[in-house]
Amino acid sequence: MILALLLNLSVAHADLPPPGTGTAPPQATGPDIPADGAPVATPDGAAAPAPEATPAAAPAEPEYLIPGLPPGAPPSAAEAEVLSRSIGEGLRCPVCQGLSIADSSASAAVMMYKLTRELVATGYTRAEIEDYFVSKYGEWVLLDPRQGGLNQLVWIGPALAFGLGLLAALAFLRRAGDGAAVTVSALASDPDDDFSRRILNEAEDD
Amino acid sequence: MSARKGVNVGVLVGGLAVILPLVWLLHSGFGNDPHEVPSVLEHTQAPLFKLVDLEGKPWDLSQLRGKPVVLNFWSTWCLPCKEEYPLMQQAASAYPGVQFLGVLYSDEPKKAVVYLRRMGNVFPQLVDPDGRTAIDYGVAGVPETYFINPSGVIVYKQVGPLSGQAMQSLLALASQDSP
């Protein structure tokens, strides 16, 4: 596999423009890859001048665990434990099959559950924590989908299908009953007809 | 006879009204992998982070604005990551204008240092305590690679190892600035 990747890379690199030649690679419709670009940070991590200077007077935004969202009042330790467990049981472990992060020992789940406990202890609410995980993993991360939009079909659909089925069954039975009555009355209306008389007689005998 | 035909048409229309939506649901559902984690962060601003690499040097994503960034989450216990490793190293060497950053995922830095020393390494490898940055990026497993354009927008999330051809195309995509 490594060899295959290397071969693949070597083929790919054969098509790559040499750094700085300004030839766009296939599928590129915008600017070329900056081979020697204008780095804003040096490889050793030292900060270099940013392209746009920020105003010196701008106050630094406090760093919250959920960026831009200050936490509320932290709960007691006991409340935090119960709430963390409850939230964790509703969040899907991304590498498991139908397990919550509270019930899984997978590393991804352990890290997510640890963060959940940290967020709860800091004072974030259930809705804020669930919103945070949904913003990163999508609604897929919720084991219990939210009741809104198309998701409502999950709750309404079965009841709707049952109701429609019931109506259809009642309509069918009613029509079948009407049809039988019409047939008998049609036979009775013409008792002189031999065929009708024989059927009516057989029905009476039964 | 005409009454019977009328009933049949009604049943037919009613049946189709019930069955067709079900067929549509099944058809659309068959195309989805229920275990696939959606990439909700594509085409949004990449979450900022301040991490330290294995050599103790700090890295701040906000300071990298203006150049493409390739963020590769990996670990030494992940076989596909090891298969992808030579490609990452070669691509990072071929494109010094693109900032490649590795992020250790649920791994011990000591093990990573040993592995990198043995295999050779040309770009910074960041330590992500408690996987906080990985969660911020919606990482579900490794390897996962994020291509971030000079404006700081995630243009693509690769789940699983990359091929050379895909790397080439995605580097070109990440080099295009947002309009």
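The values are calculated or read from the model by the stated rules, or taken from the named source; none is laboratory data. A quick note: this is a predicted structure, and the numbers were derived from the prediction, not measured. In this analysis, Cβ positions are derived from the backbone assuming ideal geometry, glycine residues included, and neighbour counts consider all displayed protein chains.
Filtering B:LEU12, B:LEU25 for residues that are at pLDDT 85 or above and surrounded by 10 or more Cβ atoms within 10 Å (Cβ to Cβ) leaves a single hit, B:LEU12. Restricted to the range B:123-140, and to residues there that are at the interface with another protein chain (Cβ under 9 Å from one of its Cβ atoms) and part of a loop (DSSP other than H, G, I, E, B), the residue that is farthest from A:LYS114 (Cα to Cα) is B:PHE123. Exactly one residue out of A:LEU83, A:LEU99 is within 21 Å of the chain's Cα centre (by Cα) and in the same structural domain as A:GLU139 (by TED's automatic domain parsing), and it is A:LEU99.
Among the residues of the range B:87-98, those that are facing chain A (nearest Cβ under 7 Å) and touching a residue at least 12 places away in the same chain (Cβ under 8 Å) comprise B:LEU87, B:TYR95, B:GLY97, B:VAL98.
Listed here are the residues, each with its yes/no results for (1) farther than 24 Å from B:LYS82 by Cα; (2) facing chain A (nearest Cβ under 10 Å).
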{"position": "B:VAL142", "(1), (2)": "no, yes"}
{"position": "B:TYR146", "(1), (2)": "no, no"}
{"position": "B:GLY152", "(1), (2)": "yes, no"}
{"position": "B:VAL159", "(1), (2)": "no, no"}
{"position": "B:LEU171", "(1), (2)": "no, yes"}
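For the range B:151-170, give me each residue that is part of a helix (DSSP H, G or I) and of a type in the set (A, V, I, L, M). Residues satisfying the conditions are B:ALA166, B:MET167, B:LEU170.
Could you check the range A:60-152 for helices (runs of 4 or more DSSP H) lying wholly inside it with 2 or more residues that are out of contact with any Leu (no Cβ under 9 Å at 6 or more places or on another chain) and of a type outside the set (D, E, K, R)?
Helices (runs of 4 or more DSSP H) meeting the threshold: A:77-88, A:107-122.
Within the range B:7-104, which strands (runs of 3 or more DSSP E) (wholly inside it) include 3 or more residues that are within 21 Å of the chain's Cα centre (by Cα) and aliphatic (A, V, I, L, M)? By residue number, B:69-74, B:99-104. Consider the range B:70-86 and keep the residues that are surrounded by fewer than 23 Cβ atoms within 10 Å (Cβ to Cβ) and either out of contact with any strand residue (DSSP E or B) (no Cβ under 9 Å at 6 or more places or on another chain) or more than 21 Å from B:ALA46 (Cβ to Cβ) (or both). The one that is farthest from the other protein chains (Cβ to nearest Cβ) is B:THR76.
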